[in-house]
Amino acid sequence: MLKLTLLRKLLMALTGLFLCLFLVIHLLGNLQLFLPKEIAQEQFNAYSQALSGNLFIKVVAIGLYLSILAHAIYAVVITIHNRKSSGKYAIDERKVASPWYSRSMGLLGTVIFVFIVIHFQNFWYYYKFTDMPLDAWGRKDLYSAVVNLFGNVWYVMLYVVSMVAMGYHLLHGVASAVRTLGVYHQKYVRVVNVAGVAYSVIISVGFAIIPIYVYVVQHQERLLSLLQLK
Amino acid sequence: MKLRLKIWRQDSATAQGMFKTYTLDNLEKGMSFLEMLDVLNQQLVTKGERPVVFDHDCREGICGTCGMMINGRAHGPIGGITTCQLHLRSFNDGDELTIEPFRAKAFPVIKDLKIDRSAFDRIIASGGYISASTGSAPEANSILIPHDVAESAFDSAACIGCGACVATCKNGSAALFTSAKISHLAKLPQGRAEARARVVKMVEQMDKEGFGHCTNTEACEAECPMGVSVLNIAQMNWEYNKALLLGA
């Protein structure tokens with residue numbers, strides 16, 4: 001267990017940034033769900049099969065699982081330490097000095113962690129450890145599993161809420177991680193901050209819009225008739 | 001004007017503290033906050049009660065001795081000033097003010113509003129200096145320093161060690177204070193030589209004192225009376241990471 005505060009923060013920053021890199025790759029893969037069904041089903045299932053069979057991806061995936069666990073465990077360690085270090089006030093207006101999401105990383109992170117557990121159960125565990133139905137090309141039909149889940153309005157809402165939480169987590173997390181690495185220059189501080197905001201918005205909106213799109217495409221006739229009734 | 005003061009009273013470091021309420025009449029808007037406490041203490045002494053203990057020295061915002069939580073904000077509601085620079089014109093007639101000491105695990109209360117900030121002294125003593133033989137002041141032009149570097153180092157050195165950063169940090173972190181001294185010395189050629197050893201020693205001492213982790217909420221900069229920049233923390237991290245990779 002790391003003892004020094006700066007080492008713990010460094011671990012949070014490095015695992016966090018690694019997960020940020022992973023999110024980009026994950027989002028790029030998900031974009032295939034925007035394709036028309038016939039193309040998307042073959043391509044998405046082939047992509048999933050290629051990834052799960054690749055040795056390099058397997059090694060990176062272990063790093064990914066460890067990063068998620070280390071990030072979560074150290075978040076708890078740091079939070080407990082910080083609770084003990086900080087003072088309590090009868091009247092506390094300290095919140096005016098910082099944005100709410102920078103003070104709520106633990107809460108936002110917990111939402112994301114719960115989402116990851118559900119997400120792993122729905123797709124990762126289902127794909128790797130169950131005899132799931134095959135598609136016309138003989139590959140595991142992950143595409144249909146995704147589309148079925150994204151047809152459920154409650155699941156879409158859970159997904160979108162989790163992505164909002166992730167967006168705010170990233171909004172503070174990316175800029176904070178860069179600071180922790182100490183990589184800064186007076187001239188480029190603003191550039192890094194703006195890039196962090198742009199990254200957070202693109203990633204969270206990018207992920208959130210896919211289940212909404214899939215839901216709308218599936219239910220378009222019903223949605224259209226609802227609109228006409230009004 | 002009239003003010004109701006809810007002040008934290010605590011007889012000693014080990015005693016249980018509590019709030020006591022005092023009402024002051026006939027205050028002037030132009031009075032400073034500390035003058036108001038002087039008026040209160042004069043009344044308490046006249047009545048034979050123990051006056052409120054609070055730290056203060058220069059009363060012109062440069063020594064960093066005064067500092068308290070006023071209505072939940074370090075140094076009160078105005079940004080960029082110390083408690084001694086706060087005046088009653090910032091409040092309205094009839095207001096109730098809750099006055100507490102700065103609180104953190106590393107800042108134990110000694111009495112009433114007076115806290116023990118010697119943790120800061122021990123952080124400085126652990127490495128916040130240059131190991132060079134002292135003597136008369138050196139010739140100013142023997143080491144040339146670009147103007148903007150000198151200004152930047154001076155901005156870091158502006159920290160007066162009041163402790164508002166720790167008091168306002170939700171984690172009780174001393175990152176802004178410690179980093180201000182580390183950056184101040186690391187920016188200048190005289191301090192560069194020991195930069196790596198210094199950052200390791202000072203960060204270790206900061207942790208030993210029981211301060212929390214910096215999570216970059218930047219509340220410290222917002223409440224710092226001297227406006228010391230959070231970029232000092234980034235520089236501390238940079239120096240520390242460099243020492244990790246290259247050795248102290």
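The values are calculated or read from the model by the stated rules, or taken from the named source; none is laboratory data. Just so you know, these numbers come straight off a predicted model, no measurement behind them. Heads up, the Cβs are rebuilt from the backbone with ideal geometry, glycines too, and the neighbour counts pull from every protein chain shown.
Laid out as a table, the results:
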read-out: Residue count for the stretch B:209-225, restricted to those that are surrounded by fewer than 23 Cβ atoms within 10 Å (Cβ to Cβ), out of contact with any Lys or Arg (no Cβ under 8 Å at 6 or more places or on another chain) and on the phi < 0 side of the Ramachandran plot; value: 2
read-out: Every residue from the stretch B:200-218 that is under 12 Å from residue B:233 (Cβ atoms) and over 17 Å from the mean Cα position of the chain (by Cα); value: B:203, B:213, B:215, B:216, B:217
read-out: Residue among B:93, B:155 that is surrounded by fewer than 22 Cβ atoms within 10 Å (Cβ to Cβ) and out of contact with any helix residue (DSSP H, G or I) (no Cβ under 9 Å at 6 or more places or on another chain); value: B:93
read-out: Index of the failed condition, residue A:162 passing every other in (1) buried (at least 19 other Cβ atoms within 10 Å of the Cβ); (2) in contact with a Leu (Cβ under 6 Å, 6 or more places away or on another chain); value: (2)
read-out: Test: residue in the stretch B:60-74 that is assigned to a strand (DSSP E or B) and either among the small types (Gly, Ala, Ser) or outside the structural domain of residue B:101 (by TED's automatic domain parsing) (or both); value: yes
read-out: Among residues of the stretch A:73-84, those that are in contact with a Gly (Cβ under 9 Å, 6 or more places away or on another chain) and either surrounded by 16 or more Cβ atoms within 10 Å (Cβ to Cβ) or within 7 Å of another protein chain (Cβ to nearest Cβ) (or both), counted; value: 6
read-out: Total residues in the stretch A:90-104, condition in contact (Cβ under 8 Å) with a residue 40 or more places away in the chain and more than 7 Å from chain B (Cβ to nearest Cβ); value: 3
read-out: Meets criteria (farther than 26 Å from residue A:164 by Cβ and either acidic (Asp, Glu) or within 14 Å of chain B (Cβ to nearest Cβ) (or both)) for residue A:87; value: yes
read-out: Whichever residue in the stretch B:168-194 is buried (at least 20 other Cβ atoms within 10 Å of the Cβ) and charged (D, E, K, R) and, among such residues, is farthest from the chain's Cα centre (by Cα); value: B:187
read-out: Output for the stretch B:55-77, where each listed residue is within 13 Å of chain A (Cβ to nearest Cβ) and buried (at least 17 other Cβ atoms within 10 Å of the Cβ); value: B:67, B:68, B:69, B:70, B:71, B:72, B:73, B:74, B:75, B:76
read-out: Selected residue (only one of B:90, B:133 is assigned by TED's automatic domain parsing to the domain that holds residue B:207 and either charged (D, E, K, R) or out of contact with any strand residue (DSSP E or B) (no Cβ under 6 Å at 6 or more places or on another chain) (or both)); value: B:133
read-out: Residue satisfying all of: in the stretch B:195-248; at pLDDT below 95 and assigned to a loop (DSSP other than H, G, I, E, B); farthest from the other protein chains (Cβ to nearest Cβ) among these; value: B:247
read-out: Within the stretch A:129-164, considering residues that are assigned to a helix (DSSP H, G or I) and more than 20 Å from the chain's Cα centre (by Cα), the one farthest from residue A:216 (Cα to Cα); value: A:129
read-out: Residue A:60 part of a helix (DSSP H, G or I), surrounded by 13 or more Cβ atoms within 10 Å (Cβ to Cβ) and either more than 10 Å from chain B (Cβ to nearest Cβ) or at pLDDT below 95 (or both); value: yes
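Here is a yes/no grid of residues against (1) in a strand (DSSP E or B); (2) surrounded by fewer than 24 Cβ atoms within 10 Å (Cβ to Cβ):
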{"position": "B:97", "(1), (2)": "yes, yes"}
{"position": "B:122", "(1), (2)": "no, yes"}
{"position": "B:126", "(1), (2)": "no, yes"}
{"position": "B:135", "(1), (2)": "no, yes"}
{"position": "B:166", "(1), (2)": "no, no"}
